[in-house]
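Working notes, beginning with the structure itself.
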Amino acid sequence: MKTGTKLGILALALAAACVALWVYYVRQVAIPEDRTAIVVVLLSALALGIAAFVKGTNWFGGVAAALAIVIGGFLPFTIAISTQEVAASVIKVGDTIPRFSAPDGRGETFESSSLHGHLVLIKFFRAHW
């Protein structure tokens with residue numbers, strides 16, 4: 001097996017493991033504030049993918065390397081182009097939610113006041129982008 005093929009497979013495995021960890025964080029709504037380690041691992045996968053092509057690879061290693069390059073560059077790119085700031089008035093667990101109205105899934109107006117007197121769990125999806 002060519003060295004580039006091994007590097008391509010390693011790069012894809014590294015990128016896939018990092019994506020699996022990222023999806024775990026997203027599902028737990030626990031994305032770490034400091035994403036440096038994740039970015040470093042993904043950029044390492046990207047670099048290994050490029051190195052695979054430089055060293056020479058067969059078709060399988062080339063596909064793995066190309067996927068690793070795409071995956072390894074996506075999240076760092078999105079982090080670089082968009083910042084997320086936490087608002088000064090964050091709602092915390094146990095706080096009373098502010099009154100609001102918004103369209104629901106059927107297009108009808110939902111009023112937060114209809115929740116008065118009920119315990120409610122509101123889960124907002126927060127990924128990086």
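The values are calculated or read from the model by the stated rules, or taken from the named source; none is laboratory data. Nothing here was measured: the structure is a model prediction, and the numbers come from that model. Glycine gets a Cβ as well: all are built from the backbone with ideal geometry, and neighbour counts include every protein chain shown. The accessibility values were calculated without ligands, DNA or RNA, using every heavy atom of the protein model including side chains. Shrake-Rupley method; radii C 1.70, N 1.55, O 1.52, S 1.80 Å.
Condition check ((1) more than 28 Å from ILE38 (Cα to Cα); (2) modelled with pLDDT under 85) across all residues:
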{"site": "PHE53", "(1), (2)": "no, no"}
{"site": "THR57", "(1), (2)": "no, no"}
{"site": "VAL70", "(1), (2)": "no, no"}
{"site": "PRO76", "(1), (2)": "no, yes"}
{"site": "ILE97", "(1), (2)": "yes, yes"}
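Which condition from (1) in contact with a Lys or Arg (Cβ under 9 Å, 6 or more places away or on another chain); (2) part of a helix (DSSP H, G or I); (3) not hydroxyl-bearing (Ser, Thr, Tyr) is the one that ILE31 breaks?
Among (1) in contact with a Lys or Arg (Cβ under 9 Å, 6 or more places away or on another chain); (2) part of a helix (DSSP H, G or I); (3) not hydroxyl-bearing (Ser, Thr, Tyr), ILE31 violates only (2).
Are any residues in the stretch 1-24 surrounded by 16 or more Cβ atoms within 10 Å (Cβ to Cβ) and closer than 16 Å to LEU75 by Cβ, and if so, which ones?
Those that are surrounded by 16 or more Cβ atoms within 10 Å (Cβ to Cβ) and closer than 16 Å to LEU75 by Cβ: ALA11, LEU12, LEU14, ALA15, CYS18, VAL19, TRP22.
When you check ILE38 against the structure, is it open to solvent by less than 20 Å² (accessible area, probe 1.4 Å), β-branched (Val, Ile, Thr) and closer than 30 Å to LYS123 by Cβ, yes or no?
yes
Considering only residues that are polar (S, T, N, Q), in a helix (DSSP H, G or I) and in contact (Cβ under 8 Å) with a residue 12 or more places away in the chain, which ones fall in the stretch 34-73?
SER44
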